[in-house]
Amino acid sequence: MELAWYALLGLFFAGYLVLGGYDYGVGLLLARRADASRRRAALNAVGPFFLGNEVWLVASAGILFGAFPVLEGELLAGSYPAVLTALAGVILVTAGVQLRSRPESMRARTTWDRVIVVGSLLAALGWGVVLAGLLQGVPLHADGHVAGVTHLFTPFAAAAGLAVLALTVAHGATFLTLRLPAVEGDRLRPLARRLLRTALVAVGAAVLVGVFSDRVRAAAQRPMVGVLLAVLLVVALLTAWVALGRRRPGVAFAATSAALALPVLLVGATLWPYVLVSTVEPHASLTVTDAAASAPTLRLLGWLAVPLLPALLGFQAMCWWIFRGRIDGRAPVYW
């Protein structure tokens, strides 16, 4: 049962990175010099999905708090600078998107656009550093508590944060080639391909730093699995780049979605059966079983999840079905 809940936690957080990722990617693209109508069109492209995408983060937090209370406490204690950075970014993006349509002055809207850009930057970097911190191990002592946050300030954590940032902005650009009117999508396609090349470089740099990092090598329980998944990530990005070149944005978006989900799978599979690997006390490492709540609690949560999980997945599928296709001049203004 612990494995099922661990897989569910990974599924929801990976889903959040994929769905929230194009929100933040589009937000980062607002930093480009573009006229107001194009910025508004970009936000309209994510408008129908925006709030629904953040539900996946709430669901992930709920599973973490309920099914893995020990992991929740130590993860937040050992990674609070990165977690707070990411959550601050989420709040800024949400506030910026909601409030930018209220002011009538263009100057005020430009200010809120900048808030969205900053929030998207913080969210992408923060979650990337959180994943990197897990993959390279944490200072978990024999008393079961994480002491210090210095493990977040390493070359690998910086490289991984930048890699997730590059993946996010490339994912957002690819999403816009799929959702904007065909003319605008074609205009944006060269930029999306350039961003995919940048993401390839960033991911390659993070992989190289990780391979030569003593921390990562010591923490990895299944290093070959991690290498294989890193290769799959690179393949996904190459697939997206080729698909955009052949004017197949749907395939490209599916590939960038896989690329953003793979880091979560990489961390979970590489560390298994541990969720926290100690860098100071090898015997203090926390396994999935040790981090999980008691069996009765997991069974109770299971009964609660039975109706909620299909409802959430069904709502997401319905939302995508209703708002499928490209937006056009007749599309409603959401933001």
Taking S60 as meeting all but one of (1) open to solvent by 20 Å² or more (accessible area, probe 1.4 Å); (2) of a type in the set (S, T, Y); (3) within 14 Å of the chain's Cα centre (by Cα), write down the number of the exception. (1)
Go through L266, L238, L244, L260 for me and flag whichever is farther than 30 Å from A182 by Cα and assigned to a helix (DSSP H, G or I). L266
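Go through A123, A88 for me and flag whichever is assigned to a helix (DSSP H, G or I), open to solvent by 30 Å² or more (accessible area, probe 1.4 Å) and at pLDDT 85 or above.
Working: A123 fails: open to solvent by 30 Å² or more (accessible area, probe 1.4 Å).
Answer to the selection: A88.
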Could you tell me which numbered condition E74 fails, if it satisfies all but one of (1) touching a Gly at 6+ places or on another chain (Cβ under 9 Å); (2) closer than 27 Å to L304 by Cβ; (3) modelled with pLDDT of 85 or more? (3)
For the stretch 302-327, what are the residues that are of a type in the set (G, A, S), exposed (fewer than 13 other Cβ atoms within 10 Å of the Cβ) and over 20 Å from the mean Cα position of the chain (by Cα)? A311, G314, G325
Contact list please: Cβ distance under 7 Å, first residue in the stretch 153-174 and free of Cβ contacts under 8 Å to residues at least 60 places away in the same chain, second residue of a type outside the set (A, V, I, L, M, F, W, C) and open to solvent by 10 Å² or more (accessible area, probe 1.4 Å), pairs at least six apart or on different chains. A166/T198
Of the numbered conditions (1) of a type in the set (S, T, Y); (2) open to solvent by 10 Å² or more (accessible area, probe 1.4 Å); (3) farther than 15 Å from D143 by Cα, T279 satisfies every one except a single condition; which is it? (3)
May I ask you to list pairs of residues, at least six apart or on different chains, whose Cβ atoms are under 6 Å apart, with the first in the stretch 68-92 being farther than 13 Å from L134 by Cβ and touching a residue at least 12 places away in the same chain (Cβ under 8 Å) and the second being open to solvent by 10 Å² or more (accessible area, probe 1.4 Å) and of a type in the set (D, E)? none
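Suppose we keep only residues that are hydrophobic (A, V, I, L, M, F, W, C), part of a helix (DSSP H, G or I) and surrounded by fewer than 18 Cβ atoms within 10 Å (Cβ to Cβ) within the stretch 30-57. Which one would you say is modelled with the lowest pLDDT?
The residue in question is A36.
From the list V234, V203, which one is crowded, with 21+ Cβ neighbours inside 10 Å and β-branched (V, I, T)?
Values: V234 fails: crowded, with 21+ Cβ neighbours inside 10 Å.
Exactly one of V234, V203 is crowded, with 21+ Cβ neighbours inside 10 Å and β-branched (V, I, T), namely V203.
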So, in the stretch 126-152, exactly how many residues are assigned to a helix (DSSP H, G or I), in contact (Cβ under 8 Å) with a residue 12 or more places away in the chain and surrounded by fewer than 21 Cβ atoms within 10 Å (Cβ to Cβ)? 0
Restricting attention to the stretch 273-285, does a residue exist that is touching a Phe, Trp or Tyr at 6+ places or on another chain (Cβ under 7 Å) and not in a helix (DSSP H, G or I)? yes
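Would you point out which residue out of R299, R248 is closer than 24 Å to A166 by Cα and either modelled with pLDDT under 85 or surrounded by fewer than 21 Cβ atoms within 10 Å (Cβ to Cβ) (or both)?
Numbers: R299 fails: closer than 24 Å to A166 by Cα.
Being closer than 24 Å to A166 by Cα and either modelled with pLDDT under 85 or surrounded by fewer than 21 Cβ atoms within 10 Å (Cβ to Cβ) (or both) holds for just one of R299, R248, which is R248.
The values are calculated or read from the model by the stated rules, or taken from the named source; none is laboratory data. The structure presented is a predicted model; accordingly, all values stated were derived computationally and were not measured. Glycine also receives a Cβ, built like all others from the backbone with ideal geometry; neighbour counts cover every protein chain displayed. These accessible areas exclude ligands, DNA and RNA; they are computed on the full protein's heavy atoms, side chains included. Shrake-Rupley method; radii C 1.70, N 1.55, O 1.52, S 1.80 Å.
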